[in-house]
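Notes follow the structure.
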Amino acid sequence: MKLAKRNLNNFSIFSPMFNDFNRELLNWGNSNYSSTSTTVPSVNIKEDGNTFEVEVAAPGMSKDDFKITLDGNLLTISSAKEEKNEEKRDNYTRREFSYQSFQRSFELHRDVVDQDNIEARYENGLLRLTIPKKEEAKQKEPRLIEIS
């Protein structure tokens, strides 16, 4: 079996986001782990004529666990969650704690994306960002050109 490399830049005018996604997708040794062996949530990116939708699988979290920032063209989704449990009994104390964090960044094209109207919502373990396209970047209906 031969592996063929495709130029995925032809699929979207939002190519840097897909380049980041494809770099991780095609990194077979990644196995959805970061360099520090912590898990990194899976991300789906969908495009239609009017928007891009980014879905981050993060079950067991709440919307307050996320931080989403836009710095210039760089959209960053990060999370940090810390849990501490302490149980005291007659002759012992048990303390347990866990810490989870991740960060994913995507470069947005200013001439394609309406940065002022990005929306985010978290429900049922899925963080969804809706990133609208600017009017001039939206896919237009085909039009018939008359021949004179």
If you scan the stretch 63-76, which residues turn out to be closer than 17 Å to N117 by Cβ and surrounded by 13 or more Cβ atoms within 10 Å (Cβ to Cβ)?
-> I68, L70, N73, L75
Residue pairs meeting the criteria (Cβ under 6 Å; at least 6 apart or on separate chains; first of a type outside the set (D, E, K, R), in the stretch 89-105; second loosely packed, with under 13 Cβ neighbours inside 10 Å) = F97/K84; S98/E83; Y99/E82; S101/A80; S105/L74
The stretch 136-148 residues that are within 15 Å of T51 (Cβ to Cβ), paired with ones that are aliphatic (A, V, I, L, M) and in a loop (DSSP other than H, G, I, E, B) (beta carbon under 8 Å, 6 or more apart) = A137/I13; A137/V112
Of the residues that sit in the stretch 77-99 and are within 30 Å of D114 (Cβ to Cβ) and hydrophobic (A, V, I, L, M, F, W, C), which one is modelled with the lowest pLDDT?
-> A80
Quick count over the stretch 48-86, residues being in contact with a Phe, Trp or Tyr (Cβ under 9 Å, 6 or more places away or on another chain), of a type in the set (A, V, I, L, M, F, W, C) and closer than 18 Å to G125 by Cα, is 7
Residue, farthest from A137 (Cα to Cα), within the stretch 101-112, restricted to residues that are over 13 Å from the mean Cα position of the chain (by Cα) and surrounded by 14 or more Cβ atoms within 10 Å (Cβ to Cβ) | H109
Of the residues in the stretch 113-148 that are assigned to a loop (DSSP other than H, G, I, E, B), of a type in the set (A, V, I, L, M) and more than 19 Å from I68 (Cβ to Cβ), the one that is farthest from the chain's Cα centre (by Cα) is I147
For the stretch 16-70, name all the residues that are out of contact with any helix residue (DSSP H, G or I) (no Cβ under 8 Å at 6 or more places or on another chain), polar (S, T, N, Q) and either modelled with pLDDT of 85 or more or under 30 Å from Q139 (Cα atoms) (or both).
-> S42, N44, N50, T51, S62, T69
Of the residues that sit in the stretch 53-62 and are touching a Lys or Arg at 6+ places or on another chain (Cβ under 9 Å) and exposed (fewer than 11 other Cβ atoms within 10 Å of the Cβ), which one is nearest to K133 (Cα to Cα)?
-> S62
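The values are calculated or read from the model by the stated rules, or taken from the named source; none is laboratory data. All of these numbers come straight from a predicted model, not from anything done at the bench. Note: ideal-geometry Cβ built from the backbone for every residue, glycine included; neighbour counts use all protein chains shown.
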